[in-house]
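The values are calculated or read from the model by the stated rules, or taken from the named source; none is laboratory data. The shown structure was predicted, so the numbers you read here are calculated from the model rather than taken from an experiment. Every residue, glycine as well, gets a Cβ built from its backbone with ideal geometry; the counts of neighbours run over all protein chains shown.
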Amino acid sequence: MYKFDDLIKIMETLRSKDGCPWDREQTHDTLLPYLLEETYEFIDSVKEKDYKNMEEELGDLLLQVLFHSQIARENKQFTIEEVINTISKKLIHRHPHVFGDRKEIQTADDVLKNWENFKKEEGKKRSSIIDGVPKSMPPIERAVKLQKKVAKVGFDWSEIKDVIKKVNEEWQELKEAIELNDRAKMEEELGDFLFSIVNLSRFLNIDPTIALHGTNKKFTKRFKRMEEMAKGENKSLENMNLKEMDYLWETAKKEERDVSI
């Protein structure tokens with residue numbers, strides 16, 4: 001069975017002058033799309049509880065870590081050993097209740113309350129509480145992170161009814177912008193509306209990205225079923241009108257409900 005050191009050597013060989021031409025051409029920037037793709041593929045395997053695929057996708061993610069580390073070593077930026085050392089020190093420092101004497105930290109909530117203090121002790125100097133939220137994060141995830149950050153200083157709604165009121169308010173403002181046919185205003189108000197929806201999901205303790213992921217999966221399944229039904233009638237969706245397609249959609253929904261009963 002191969003071990004971690006074997007994988008490091010394989011990566012070194014792939015990047016060597018006698019290695020793979022494609023691997024040798026890659027940079028930190030060119031690899032970014034693959035890192036995102038592998039992350040989403042791992043999320044799929046978790047949601048589907050496909051543990052064998054999870055094993056494979058984690059390997060793909062690990063490859064990305066090693067790939068970037070090998071490129072960095074060649075450029076004398078850092079090494080995989082330094083990556084491991086840095087995360088090890090960070091884990092020990094941020095868990096003094098496990099590796100130290102901070103026994104007053106007993107619950108998960110206690111850990112979260114002290115998390116920012118741990119970061120400050122590590123020398124992460126930030127002028128704002130929202131500094132450090134990656135600008136490259138997908139917008140929905142970044143909205144969640146920003147909202148959680150400011151909530152720590154009390155800038156947050158106290159009750160969910162206030163959040164719902166804000167959602168309705170933003171929806172009305174979006175409708176007004178649509179009626180005015182003001183594109184710039186529509187974009188702004190749509191952003192505000194989506195931000196308020198993210199806020200609502202946070203109060204419901206539901207990850208909006210995971211929720212949307214589930215809806216995308218559901219939509220994909222139903223649409224493919226529509227295509228199957230149309231094909232069964234020797235038809236294609238391209239030649240159907242909206243009323244006919246809507247009938248297939250509702251039939252697909254009903255089939256799902258019947259299976260779940």
| said: Suppose we filter the stretch 81-116 for residues that are of a type in the set (Asp, Glu) and touching a Lys or Arg at 6+ places or on another chain (Cβ under 8 Å); how many remain? | reply: 1
| Residue check, Thr79 free of Cβ contacts under 8 Å to residues at least 40 places away in the same chain and of a type outside the set (Asp, Glu) | yes
| request: Restricting attention to the stretch 77-106, report how many residues are among the basic types (Lys, Arg) and assigned to a loop (DSSP other than H, G, I, E, B). | output: 3
| Is it true that some residue in the stretch 215-231 is under 20 Å from the mean Cα position of the chain (by Cα), closer than 18 Å to Gln147 by Cα and not acidic (Asp, Glu)? | no
| query | If we keep just the residues of the stretch 76-114 that are among the acidic types (Asp, Glu) and modelled with pLDDT under 80, which is surrounded by the fewest Cβ atoms within 10 Å (Cβ to Cβ)? | reply | Asp101
| request: State yes or no: is Thr220 among the β-branched types (Val, Ile, Thr) and closer than 29 Å to Ser45 by Cβ? | output: yes
| said: Can you say whether Ile160 is surrounded by fewer than 16 Cβ atoms within 10 Å (Cβ to Cβ) and in contact (Cβ under 8 Å) with a residue 24 or more places away in the chain, as far as the supplied structure shows? | reply: yes
| Scope the stretch 2-26; condition surrounded by 11 or more Cβ atoms within 10 Å (Cβ to Cβ) and hydroxyl-bearing (Ser, Thr, Tyr); matching residues | Thr13, Ser16
| message | Condition first: under 25 Å from Leu35 (Cα atoms), of a type in the set (Val, Ile, Thr) and in contact (Cβ under 8 Å) with a residue 24 or more places away in the chain. Can you find one or more residues in the stretch 165-185 that meet it? | response | no
| task | At least 2 residues that are of a type in the set (D, E, K, R) and within 30 Å of Gly132 (Cβ to Cβ) in each: list the helices (runs of 4 or more DSSP H) lying fully within the stretch 148-261 that qualify. | result | 160-180, 183-203
| query | Which number in (1) closer than 30 Å to Asp110 by Cβ; (2) in a loop (DSSP other than H, G, I, E, B); (3) of a type in the set (A, V, I, L, M, F, W, C) marks the one condition that Met1 misses? | reply | (1)
| Unmet criterion (only one of (1) farther than 30 Å from Leu112 by Cα; (2) touching a residue at least 24 places away in the same chain (Cβ under 8 Å)) for Phe195 | (1)
| request: State whether the residues of the stretch 189-211 include one that is over 29 Å from Thr39 (Cβ atoms) and loosely packed, with under 14 Cβ neighbours inside 10 Å. | output: no
| Selection from the stretch 13-52 of residues that are assigned to a loop (DSSP other than H, G, I, E, B) and among the small types (Gly, Ala, Ser) | Ser16, Gly19
